[in-house]
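The values are calculated or read from the model by the stated rules, or taken from the named source; none is laboratory data. Note that this is a predicted model, so its numbers are computed, not measured. Here the Cβ positions follow ideal geometry from the backbone for every residue, glycine too, while neighbour counts run over all protein chains shown. Side chains are part of the model used for accessible areas, which takes the heavy atoms of the whole protein and leaves out ligands, DNA and RNA. Shrake-Rupley method; radii C 1.70, N 1.55, O 1.52, S 1.80 Å.
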Amino acid sequence: MNTTLTPFYDKQVQCLHCEAKFPSTKIRSSFVKVDRYDKDFCPNYQSEELNPLFYHVFVCPQCGFSFTDDFSKYFPPKTKEEIKNNVSDRWVHQDYGKQRTVRQAIDSYKLAAYCAEIKKEKKVTIAGLYMRIAWLNRKMKNKEQEQRFISFALHNYLECYLNSDYHSSQMSELKIMYLIAALSHQIGETEQAIMYLSKVIEKQNTTTERTIIEMAKDQWQEIRGEKSTA
């Protein structure tokens, strides 16, 4: 009997919307190897085939509702009806439960972002979805789409920071501020980037998140260098 462990496995998922149960492919963490991270925390994996970003979203094959583990189980009033009218009633059966291409991964995130906007998920959750769409477009070297979704992510991270809706998420205030700075820098909003880098560096004596402080200082030096050669 062959007991060789494969990188992929099926996770049984229950749709938050219609409650149908379905399998969705995931990658075993022991097979995931990260080479490095970009300045906005985008992971670069040793194997593009074994990229867990492709499988972060669950797409219900029955009703089309798309979500991640970060979604809440609560549906605000009338949002289930909106999802039915705008997603489920228009859904053409597709199976995202198998191994995905980068194009299918991007489509799954777009579906999830659309569902998250209708469902009024936290801004930190919506921002994370747009962020991953930007990362996947970066891998495809589609600069225009990468910048477009960085702008969407930035808008939501700003709202998230101003409304403090990152509480009970995996994101800290310092990480949100750093991301706002990093994303602002990427799309040429230099003054906003400088303002938020300053906010991060001001926290250097009161935080244990030393890596983010050092990353902020590196970005600060990079922007100074750009300004001196402009």
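Structure above, values below:
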{"item": "All positions within region 166-182 that are in contact with a Ser or Thr (Cβ under 8 Å, 6 or more places away or on another chain) and in contact (Cβ under 8 Å) with a residue 60 or more places away in the chain", "result": "Ser169"}
{"item": "Subset of region 183-201 that is small (Gly, Ala, Ser) and out of contact with any Ser or Thr (no Cβ under 8 Å at 6 or more places or on another chain) - its residue that is most open to solvent (accessible area, probe 1.4 Å)", "result": "Gly188"}
{"item": "Test: residue in region 202-218 that is of a type outside the set (S, T, N, Q), within 21 Å of Phe149 (Cα to Cα), open to solvent by 90 Å² or more (accessible area, probe 1.4 Å) and out of contact with any Gly (no Cβ under 8 Å at 6 or more places or on another chain)", "result": "no"}
{"item": "Of all residues making up region 153-165, the number that are open to solvent by less than 50 Å² (accessible area, probe 1.4 Å) and either assigned to a helix (DSSP H, G or I) or modelled with pLDDT of 95 or more (or both)", "result": "7"}
{"item": "Considering residues of region 1-39 that are part of a strand (DSSP E or B) and among the hydrophobic types (A, V, I, L, M, F, W, C) only, the residue surrounded by the fewest Cβ atoms within 10 Å (Cβ to Cβ)", "result": "Val34"}
{"item": "Cβ-Cβ under 8 Å pairs, at least 6 apart or on other chains, region 65-89 side farther than 25 Å from Ile133 by Cβ, far side among the small types (Gly, Ala, Ser) and open to solvent by less than 50 Å² (accessible area, probe 1.4 Å)", "result": "none"}
